[in-house]
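Contents: one structure, followed by commentary.
The values are calculated or read from the model by the stated rules, or taken from the named source; none is laboratory data. Everything numeric in this text was worked out from a predicted model, so none of it was measured. Cβ atoms come from the backbone with ideal geometry, glycine included; neighbour counts cover every protein chain shown. The protein model used for the area step is the full one, side chains on, heavy atoms only, and it has no ligands, DNA or RNA in it. Shrake-Rupley method; radii C 1.70, N 1.55, O 1.52, S 1.80 Å.
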Amino acid sequence: MPNECCPISPAAVVGLLTLLGGSGVRAGTQLPGTLNFQNVTSSRIVETVPELAGNEKEVEFGDFDNDGDLDVVIANAHSNFDQRRNKLYRNDDGVFNEVSGAPIIAGFSDTTLSRNVFFRDYDGDGWLDIWIVNDGNSQGDRLYIAQTADGQFSHYVDETADRLPNPNTGASDGAVSIDADQDGDFDVYIGNEPNSSQDRMYFNDGAGIFTDVTSTHVPPEFNYSDDVAAADMNGDGKLDLLIANPPNFVYYNDNGRGSSGPGDFRYGPDGQAGVQPLGPGGTLDDDAMEPVDFDGDGRRDVYWLNKVGWADRILRNEGNDAANMAILIELPAATLPPHVLANLGGGTSAGDLNGDGRYDLIVTHQQARPAILRNTSVNRTISFVDWTPGNTFPNGTVHRAWHAALFDTNGDGDTDIFLGGWANDHLFEQVPASEYVEGDLVGGVIPNVYNQDPAAVLGSAIQGEADTYTINGLGTNAFISVVLNGPDDYRLEILDANDVVLMSVDRGGLGVEEAAQYDPPGSPTTLKLRITVLDCANAYDLDGDCTVGILDLLSLLAAWGPNRGHPADFNSDGTVGILDLLALLANWGGGANDYLLEVLSRS
């Protein structure tokens, strides 16, 4: 029956007004939270093998015992060649118990210099094996194969001699284990140094027996390979290699011009047809490259660690050139937060830390705290803010590190950080931040932010009006990072104590996230955040105040009956009626227009 047959009586209107109390009912009382971490090392890492300070580490995770959670293996290295202690941690309900020695993996924690480690099923039996990339000056690589009994993991056995007849003998540094030849198993590429060492490639036959194909598949190049990464840089479905030397290169996999097929990086008359020079790396030659699609356009961009001295850079992938090689454009230094432009990096790891579909980074540093770079890219414009909680990662060298792994360490569905520290290992669990509702803040002051946990505030604003929040107690060299999410179109401003606008951000459009990092000159003790709604997204907000309330109800009732095209005809059936009324009531209040303000401030 058409709903225009059932008009609303004056008594029904009075009843609705009484029921709703004459004002909007706030929807949503539980905050979605914000990105934050807590150090849980003391309760969740149990080390048994003594470790000396000053170790470089490569951290890898995987379920080696097939019990459904993720374990950790670590390659330790030190320039003195005698302080390495490789680590194997078994995850027992979120507690990482070290099992580095017998009976699990005898001889694993000797003092050979190790650079990289891989958890891979090399022999195809469904159990993860371990490949250790060693510095060949002291010992060749080691391949440990998982042993099982009655369908259960038993221990690892060193089967290098049977499976890898020609162990790497170069002074190895970076390495990757990928399916380079696309035959369904894992191969290994090793970058060597110093200048006399050629990079090496080993192909897997599917049963864990490897063949050295260096002479036929690897470009002849004898520079210092400091790091190796792999990604499909030109979108042809094959994994390419990023080689961090001074100079740096992309090696393209089977890119035509005489290639013998997938896994061939050497093709061309001189073996260099697939080599794309990227220019020199950092003056300290500790550079590395992490290929990540930062802006969501389907192409791999590159985070270049120590690209210029200590200054990291982003290379944006803008498609392919005529030779089917990626066009990589270096973005300005201002794309990255200042902290990663002023410290000697150790390594980078990428992962979606906060579940927003964008890849974030943790950048470790050799002499300073790590930096968590929260990806705030929108509209294919790459941007980051430093989101490193001061309460968890204090300034100084206590958490300096070479590498970190990002994964769910305790099965709670979010991403944590396992940090391979220069002295001992550290675990940081993702936890809620300090959370507030706008109306609970006295005078709009967000308390206890500086060098503490980040804060999350759930608020709601009326179109054309502004909400203002205050951050007090800032210290010397403070900065502030802000992220604002909600369905509306906002302008985000950072002001000083006298309401002078210091920075303004409007990235445009309904539902587009606003984000900013501000490093104020001098040492202000107070900063303010002002949020202005430029346009409301709520279709049920007929009067434009960003709240569904009495005036919207009255507008709907005034339009009751056949009224095609009226804004209150929410279901577009040509009539303002019962179904439209029920839809309006279901969206009553300000909840549909709530925003989440997240703020971090630290030195």
Report summary line: Bridge orientation stat for the chain from DSSP, antiparallel percent rounded to 5, came to 95
Requested in this report: Could you look at the chain and say what percent of its accessible area is carbon and sulfur, using a 1.4 Å probe and all protein chains?
Outcome: 51
Query raised in the report: How high is the relative contact order of region 146-258, given as a whole-number percent (alpha carbon pairs under 8 Å, six or more residues apart)?
Result: 18
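Could you pull out the trypsin sites (Lys or Arg not before Pro) across region 527-603 that fall in loop regions by DSSP (anything but H, G, I, E, B) with no more than 16 other Cβ atoms inside 10 Å?
Values: sites: Lys528, Arg530, Arg564, Arg602; in loops: Arg564.
Filter output for region 527-603: Arg564.
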Query raised in the report: Between Val505 and Thr526, what is the FRET efficiency for a Förster distance of 22 Å, r being their Cβ-Cβ separation, to the nearest 0.05?
Result: 0.65
Query raised in the report: Using a Förster distance of 25 Å, how high is the FRET efficiency between Ile327 and Asp270, based on the Cβ-Cβ distance and rounded to 0.05?
Result: 0.60
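Pulled fully out, how much extra length does the chain show between Asp519 and Asp162, if you take 0.36 nm times their separation in residues and subtract their Cα-Cα distance?
Between Asp519 and Asp162, full extension yields 122.8 nm more.
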Requested in this report: Would you mind getting me the FRET efficiency between Arg257 and Val398? Use the beta-carbon distance for r and R0 = 45 Å, nearest 0.05.
Outcome: 0.30
Report task. Would you compute, from DSSP H runs of 4+ residues alone, the mean residue ellipticity of the chain at 222 nm, taking -39500 (n - 2.57) per run and dividing by the full residue count, rounded to the nearest 500? Result -> -1500 deg cm²/dmol
Requested in this report: Send over the semi-axes of region 483-552's equivalent ellipsoid, whole angstrom and largest first, taken as the square roots of 5 times the C-alpha gyration tensor eigenvalues.
Outcome: 29, 13, 8
Report task. Can you work out the accessible area per residue across the chain, with the rest of the protein chains kept in place, probe 1.4 Å, in square angstrom? Result -> 37
Report summary line: Once normalised by the length of the chain, the mean sequence separation of its alpha carbon contacts under 8 Å that are 6 or more apart gives a contact order in percent of 12
Query raised in the report: What spacing in nm lies between the two simple spin-label points modelled at Val445 and His155, each 7 Å away from Cα in the Cβ direction?
Result: 6.3
**Report entry** Point-to-point label distance, Asn66-Asp121, nm (Cα→Cβ direction, 7 Å offset)
**Finding:** 0.8
Requested in this report: Work out, in µm²/s and without decimals, the Stokes-Einstein translational diffusion coefficient of region 529-594 at 25 °C, 0.890 mPa s, Rh from Kirkwood over C-alpha pairs.
Outcome: 201
